[in-house]
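Novice: Encoded as structure tokens, here's the structure I'll be asking about.
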Amino acid sequence: MNSFTEPALKAVFAEDFKIGAAVNPRTIITQESLLAYHFNSITAENEMKFESLHPEEDVYRFGQADELAAFARKHSLAMRGHTLVWHNQTGSWLFEEKSGRPAGKELLLARLKSHIDTVVGRYKEDIYAWDVVNEAIADEGSELLRPSKWLETAGPDFIAKAFEFAHEADPNALLFYNDYNESNPHKRDKIYTLLKSLLDQGVPVHGVGLQAHWNLYDPALDDVRAAIEKYASLGLQLQLTELDMSLFRFDDRRTDLKSPPADLLELQAERYEVLFRLLKEYREVISSVTFWGAADDYTWLDDFPVRGRKNWPFLFDEQHAPKPAFARLAGRNG
Ligand code: GLA
């Protein structure tokens with residue numbers, strides 16, 4: 001068991017932003033002391049997604065989400081809500097009438113309102129910020145929005161409606177639009193266009209979540225900086241919501257590594273160091289940095305996108321000991 005002689009990450013960045021981790025019912029046990037010592041915010045990895053909470057029209061399952069909220073209370077951690085509207089992990093019942101025919105716009109939006117009232121209402125005391133809409137922008141091409149059941153059924157309006165419903169359900173919650181490839185100039189400009197049009201319509205959106213599923217080579221730091229500047233120019237607050245630093249380029253298929261080589265850990269340390277130096281420059285607009293996990297014993301990047309391959313994306317190793325990247329962050333700031 002780690003006795004934590006190193007400084008706490010949340011203390012290192014106490015003047016800058018919250019430091020968060022995605023958790024699940026297993027990791028709040030296996031990583032409990034690490035989470036309590038180093039982090040001051042959590043996000044449910046899957047347990048607050050639509051299909052987890054609301055598998056059928058008349059059935060809500062709150063058990064696992066409640067466990068995570070109780071963990072946050074036990075350790076006085078802030079909690080982000082993730083996520084209300086997404087094209088994935090959402091039951092097909094939502095888009096169908098009872099008869100099986102496709103649902104119309106009115107029915108879909110009525111169901112969305114009821115879902116948001118119930119879920120956002122339930123966690124009002126626990127959750128200070130929600131990812132209201134996740135990944136609505138198309139990565140490629142000139143279309144702004146990605147094709148989805150949401151778009152097909154309700155038209156582009158579903159986005160503004162989701163924010164309005166969430167604001168009604170909890171006027172104190174900070175409401176975020178969240179997406180990946182957020183630093184890619186083409187997608188960044190589309191995300192900006194969407195956010196600007198929401199703000200111009202008076203939609204209650206308060207922040208943009210940069211998922212930040214990055215690797216040692218991409219995105220370029222200049223692109224991250226340009227994205228931060230562009231989003232911040234809208235007057236929104238920014239959060240990194242799902243940060244991890246894969247050791248592999250996205251299209252790298254290698255599966256030969258059984259442990260992380262020292263040279264890659266050094267590159268990872270340099271990358272984290274320059275990244276956090278940049279984030280600190282923008283501490284006035286960045287309010288939280290959440291990792292999509294906490295330590296290398298558990299990451300969604302194990303077996304994804306390459307089966308049979310482990311990854312080591314975090315600041316803490318499989319035993320929860322600080323990695324070279326942690327030392328660089330703590331050294332520079334501590
Ligand atoms: C997206 C979602 C997250 C999670 C990751 C993969 O980034 O926002 O909830 O599902 O994919 O784990």
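Novice: At pLDDT 95 or above, open to solvent by less than 60 Å² (accessible area, probe 1.4 Å), among the acidic types (D, E) and at negative phi: is that true of E56 in this structure?
Specialist: Details: at pLDDT 95 or above: yes; open to solvent by less than 60 Å² (accessible area, probe 1.4 Å): no; among the acidic types (D, E): yes; at negative phi: yes.
So E56 fails the test.
Novice: Turning to a different aspect of this structure: Out of (1) surrounded by 12 or more Cβ atoms within 10 Å (Cβ to Cβ); (2) out of contact with any helix residue (DSSP H, G or I) (no Cβ under 8 Å at 6 or more places or on another chain), the odd one out for V120 is which?
Specialist: So the condition that V120 fails would be (2).
Novice: Moving on to the next point. Would you check which residues across the range 24-35 are more than 23 Å from L275 (Cα to Cα) and open to solvent by less than 10 Å² (accessible area, probe 1.4 Å) and list them?
Specialist: To start, the set of residues in the range 24-35 that are more than 23 Å from L275 (Cα to Cα) comprises 24-33.
Selection gives T27, Q31.
Novice: While we're here: So, K161, is that one within 15 Å of the ligand (Cβ to nearest atom) and within 20 Å of W86 (Cβ to Cβ) or not? Even if it seems obvious, please write down each step before you answer.
Specialist: Numbers: within 15 Å of the ligand (Cβ to nearest atom): no; within 20 Å of W86 (Cβ to Cβ): yes.
Answer is no for this residue.
Novice: Something else: Please state which of the following conditions R254 fails to meet, knowing it meets all the rest: (1) open to solvent by 40 Å² or more (accessible area, probe 1.4 Å); (2) touching a residue at least 12 places away in the same chain (Cβ under 8 Å); (3) in a helix (DSSP H, G or I).
Specialist: Condition not satisfied by R254: (3).
Novice: Still on this model: Applying the selection to the range 130-174, what residues are in contact with a Gly (Cβ under 7 Å, 6 or more places away or on another chain) and closer than 16 Å to L195 by Cβ?
Specialist: Selection gives W130, D131, L174.
Novice: Within the bounds of the range 23-35, is there any residue that is hydroxyl-bearing (S, T, Y), in contact (Cβ under 8 Å) with a residue 24 or more places away in the chain and within 16 Å of the ligand (Cβ to nearest atom)? First the steps, then the outcome.
Specialist: Initially, the range 23-35 is screened for residues hydroxyl-bearing (S, T, Y), giving 27, 30, 33.
Next, only the ones that are in contact (Cβ under 8 Å) with a residue 24 or more places away in the chain stay: 27, 30, 33.
Then keep just the ones that are within 16 Å of the ligand (Cβ to nearest atom); that gives 27.
Yes, the conditions are met somewhere in the range 23-35.
Novice: Further question: Might you check whether a residue that is touching a His at 6+ places or on another chain (Cβ under 6 Å), in contact (Cβ under 8 Å) with a residue 12 or more places away in the chain and part of a loop (DSSP other than H, G, I, E, B) occurs anywhere in the range 295-308? Show your work before the answer.
Specialist: Within the range 295-308, the first condition is being touching a His at 6+ places or on another chain (Cβ under 6 Å), and the residues that meet it are 295.
Now drop any that are not in contact (Cβ under 8 Å) with a residue 12 or more places away in the chain, which leaves 295.
Checking the rest, the ones that are also part of a loop (DSSP other than H, G, I, E, B) come to 295.
Yes.
Novice: Exactly one condition in (1) more than 16 Å from the chain's Cα centre (by Cα); (2) under 19 Å from V274 (Cβ atoms); (3) touching a residue at least 12 places away in the same chain (Cβ under 8 Å) is not met by D222; state its number.
Specialist: With (1) more than 16 Å from the chain's Cα centre (by Cα); (2) under 19 Å from V274 (Cβ atoms); (3) touching a residue at least 12 places away in the same chain (Cβ under 8 Å) applied to D222, the lone miss is (3).
Novice: Can I ask one more? Give the residues of the range 287-304 that are more than 27 Å from S259 (Cβ to Cβ) and either more than 14 Å from the chain's Cα centre (by Cα) or open to solvent by 40 Å² or more (accessible area, probe 1.4 Å) (or both), sorted by residue number.
Specialist: none
Novice: Considering only residues that are assigned to a helix (DSSP H, G or I), more than 19 Å from T43 (Cβ to Cβ) and within 16 Å of the ligand (Cβ to nearest atom), which ones fall in the range 91-150?
Specialist: Passing the criteria: only W150.
Novice: A further question on this structure: Tell me which of these R277 doesn't satisfy, since it passes every other one: (1) under 25 Å from R254 (Cβ atoms); (2) in contact with a Lys or Arg (Cβ under 9 Å, 6 or more places away or on another chain); (3) open to solvent by 60 Å² or more (accessible area, probe 1.4 Å).
Specialist: (1)
Novice: Checking T241 against (1) surrounded by fewer than 19 Cβ atoms within 10 Å (Cβ to Cβ); (2) in contact (Cβ under 8 Å) with a residue 24 or more places away in the chain, only one condition comes out false. Which one?
Specialist: Here T241 clears every test but (1).
Novice: When the residues of the range 169-214 are narrowed to those that are over 16 Å from L238 (Cα atoms) and within 14 Å of the ligand (Cβ to nearest atom), which ends up surrounded by the fewest Cβ atoms within 10 Å (Cβ to Cβ)?
Specialist: Restricting to residues being over 16 Å from L238 (Cα atoms) and within 14 Å of the ligand (Cβ to nearest atom), the top hit is K187.
Novice: On to the next question. Does P219 fit the bill of being at pLDDT 95 or above, open to solvent by 10 Å² or more (accessible area, probe 1.4 Å) and under 22 Å from A22 (Cα atoms)? Can you show your working first?
Specialist: Details: at pLDDT 95 or above: yes; open to solvent by 10 Å² or more (accessible area, probe 1.4 Å): yes; under 22 Å from A22 (Cα atoms): yes.
Considered against the rule, which asks whether it is at pLDDT 95 or above, open to solvent by 10 Å² or more (accessible area, probe 1.4 Å) and under 22 Å from A22 (Cα atoms), P219 comes out as yes.
Novice: State whether one or more residues within the range 184-195 are over 19 Å from E140 (Cα atoms), part of a helix (DSSP H, G or I) and among the acidic types (D, E). Spell out the reasoning first.
Specialist: Within the range 184-195, the first condition is being over 19 Å from E140 (Cα atoms), and the residues that meet it are none.
Scanning the range 184-195 turns up no residue that is over 19 Å from E140 (Cα atoms), part of a helix (DSSP H, G or I) and among the acidic types (D, E).
Novice: Can you tell me how many residues in the range 37-84 are more than 30 Å from E96 (Cα to Cα), assigned to a strand (DSSP E or B) and either away from the ligand (no atom under 16 Å from the Cβ) or not polar (S, T, N, Q) (or both)?
Specialist: Start the filter on the range 37-84 by keeping residues that are more than 30 Å from E96 (Cα to Cα), which leaves 37-42, 67-79.
So of that shortlist, the ones also assigned to a strand (DSSP E or B) come out as 41-42, 78-79.
Those left that are additionally either away from the ligand (no atom under 16 Å from the Cβ) or not polar (S, T, N, Q) (or both): 42, 78-79.
Counting residues in the range 37-84 that are more than 30 Å from E96 (Cα to Cα), assigned to a strand (DSSP E or B) and either away from the ligand (no atom under 16 Å from the Cβ) or not polar (S, T, N, Q) (or both) gives 3.
Novice: Restricting attention to the range 1-19, report how many residues are at pLDDT 95 or above and part of a loop (DSSP other than H, G, I, E, B).
Specialist: Pass one, the range 1-19, residues at pLDDT 95 or above: 6-19.
Checking which are part of a loop (DSSP other than H, G, I, E, B) leaves us with 6-8, 13-17.
Residues meeting the conditions: 8.
The values are calculated or read from the model by the stated rules, or taken from the named source; none is laboratory data. Treat the numbers as computed from the prediction; the structure is a model and nothing was measured. Because the Cβ atoms are built from the backbone with ideal geometry, glycine has one as well, and the counts that use them run over all protein chains shown. What goes into the accessible areas is simple: the full protein's heavy atoms, side chains included, and nothing from ligands, DNA or RNA. Shrake-Rupley method; radii C 1.70, N 1.55, O 1.52, S 1.80 Å.
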